Amino acid sequence: MSYEFPDALLIQFAKAPQLGQVKTRMQPVLSLEQSLALHCQLVQRVHQTLHAEGLCHSQLWITGVDDSGFFQSLKPRPEVKHQHGDDLGERMFSSIAAGLEHRSAVVLIGSDCPAITSDYLRTALCALSRVDVVLGPAADGGYVLVGMKKAEREIFAGVAWGTSRVLQQTRERLRAIKRSCFELPVLNDIDRPEDLIHLDSVPALQQ
C-alpha cells in the first residue's frame, strides 16, 4: 500500500473491552453494558479514522485481555501490541520509543475522541516536519494527541495524569527541555456523562 507519510506511524491506545472496566466514569448515567458498548464504538470510530485515507502505517496498543476478540474483529485487522509501564506516561513513552525505532515520526492518540479526523491527523504529521512535538489539546485540560520525532521521557515524567493539569504540565516540560511544539485545535474527549452531548456532532456515534 502506498502511504501519504510512509516514514511515519500512527498509534492508537485502547483498553480491552471488559464489562465494568471501561468508561466507568459514565456510571450511573450509563449502565455497565452501555458503557462497554460506548467504549467499543469509540475504539472502532478512531480505528476507522486511522485507515480512512491511507496516511501511514498504524498500530493498536492495548491494555488488558481481549477475551471477546473485539480487536481482531476490527476492519482492517489491526497490528496489536501491548502497552508496558506503570502509568500512562510510561506507557506512552515506551510505545512512541518503540515506534521510532523503525519510523521517523510517531503520532499517538487515544480512543476517547471521535472528533479526530483524517485532516487533524494530517496536520499533526505535517507539523512534525518543522517542530519537535505536536499536541492536540483536550477541552478538559489534557490532550487527545501527541506526536514526536524523538522519544522524550522527560515530557511524560511527573505529570498528574487524569487531571485538568496535564496539558499545562506538559507545556512546562517542553519549555524546560527547550523543545518546539505545535498545538492543534482543541477537541473534546468522551470521558464523563457531561461529554455525551458531543456525540451529537459525530454522526456515526449518535445515540
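Nothing in this text is a laboratory measurement; each read-out follows from the coordinates by a stated rule. The structure presented is a predicted model; accordingly, all values stated were derived computationally and were not measured. Note: ideal-geometry Cβ built from the backbone for every residue, glycine included; neighbour counts use all protein chains shown.
Taken as Cα centroids, the stretch 182-201 and the stretch 57-128 sit 19 Å apart, rounded to the nearest whole angstrom. Considering only Cα atoms, the convex hull volume of the chain works out to 114 Å³ per residue. Anisotropy class assigned to the stretch 110-155 is oblate, per the alpha carbon gyration tensor with a/c at or over the 1.5 cut-off and a/b no larger than b/c. Legend: residue pairs LYS15/LYS178; LYS15/LYS75; LYS75/LYS150; LYS15/LYS149; LYS150/LYS178; LYS23/LYS81, Cα-Cα distance threshold 23 Å; pairs beyond threshold, LYS15/LYS178; LYS75/LYS150; LYS15/LYS149. Placing a pseudo-label 7 Å from each Cα along the Cα-to-Cβ vector at HIS102 and THR63 gives an inter-label distance of 2.4 nm. Put in order of Cβ neighbour count within 10 Å, fewest first, the listed residues ARG45, ARG122, ARG25 become ARG25, ARG122, ARG45. Per-residue ellipticity at 222 nm computed for the chain from its helices equals -8500 deg cm²/dmol, with DSSP H segments shorter than 4 residues left out and the rest contributing -39,500 (n - 2.57). Here each label is just a point 7 Å from Cα along the line to Cβ, and for GLU90 and ARG130 those points are 3.8 nm apart. Amide H to amide H distances under 5 Å link ALA105 with LEU9, where only residues 5 or more positions off or on other chains count and H is placed in the peptide plane. For the stretch 8-199, a crude dipole built from +1 on the beta carbon of Lys and Arg and -1 on the beta carbon of Asp and Glu, taken about the Cα centre, is about 520 debye to the nearest 20. Cβ crowding within 10 Å, taken as a proxy for footprinting-reagent exposure, orders LEU108, LEU19 from fewest neighbours to most as LEU19, LEU108.
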